[in-house]
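Everything below concerns the one structure shown next.
The values are calculated or read from the model by the stated rules, or taken from the named source; none is laboratory data. Just so it is clear, the structure is predicted and the values come from calculations on it, not from any experiment. Every residue, glycine among them, receives a Cβ derived from its backbone with ideal geometry; neighbour counts consider all protein chains shown. Ligands, DNA and RNA are stripped out before the accessible areas are found, and what is left, the full protein with its side chains, is counted by its heavy atoms. Shrake-Rupley method; radii C 1.70, N 1.55, O 1.52, S 1.80 Å.
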Amino acid sequence: MQIILVKTKKIYIYIIFIFFGLNLSAQNIAKIQNSDTLYIYFKKDNINQIKSSNNIINEDNHNYLFYFSIEETNVRQQCWLINHYLLTPEIKWKSKSFLKEKKDFIVSYKFLKSLGYKESHMLLTKKKKIYIIDADYNRHSKIKLIEASYADNKGLISIE
């Protein structure tokens, strides 16, 4: 009889943790959607997250691409984030404590992919400012925030 009560208590505890865990993730999504600034952690892997230079003169300007799976559609869907000195000139260096301060507003490729292409597109188009936290530029005590603009596939034109 006591074993059954212990197992029942464990099941109730698991249900409570699952309920609160789902509730917390829903709050984070709501915070992200309601903010006017979004921070995206980018780590190049040459398959799903690709960074390419977009300017011969200023090689610090890059295109950041996030590819989504082709399981749902026949075409490979992608999100383009463009950093160019004429469009998005702002670059900031912050201390690593910034990551803790803004952890509710920092998303990763994994988060965007879990949202799906359509939801990610809606999220990115509603933001006033988007900053890339590029893993290539992280130093011991500082991180580099690179302002980027979101371009859908129809709006890509040459700036040069």
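Brief remarks follow.
- Consider region 98-157 and keep the residues that are among the polar types (S, T, N, Q) and open to solvent by 30 Å² or more (accessible area, probe 1.4 Å). The one that is farthest from HIS84 (Cα to Cα) is SER114.
- Sub-8 Å Cβ pairs linking a first residue in region 125-148 that is under 16 Å from LYS44 (Cα atoms) and free of Cβ contacts under 8 Å to residues at least 12 places away in the same chain to a second residue that is part of a strand (DSSP E or B) and open to solvent by less than 10 Å² (accessible area, probe 1.4 Å), at least 6 apart or interchain, are TYR137/ILE143; TYR137/ILE146, ordered by first then second residue.
- Condition check for GLU160 on (1) at pLDDT 80 or above; (2) assigned to a loop (DSSP other than H, G, I, E, B); (3) of a type outside the set (Val, Ile, Thr): one failure, at (1).
- Of the residues making up region 42-68, those that are of a type in the set (Phe, Trp, Tyr) and farther than 12 Å from LEU81 by Cβ are TYR67, PHE68.
- Residue within region 85-105 that is of a type in the set (Ser, Thr, Tyr) and free of Cβ contacts under 8 Å to residues at least 24 places away in the same chain present: yes
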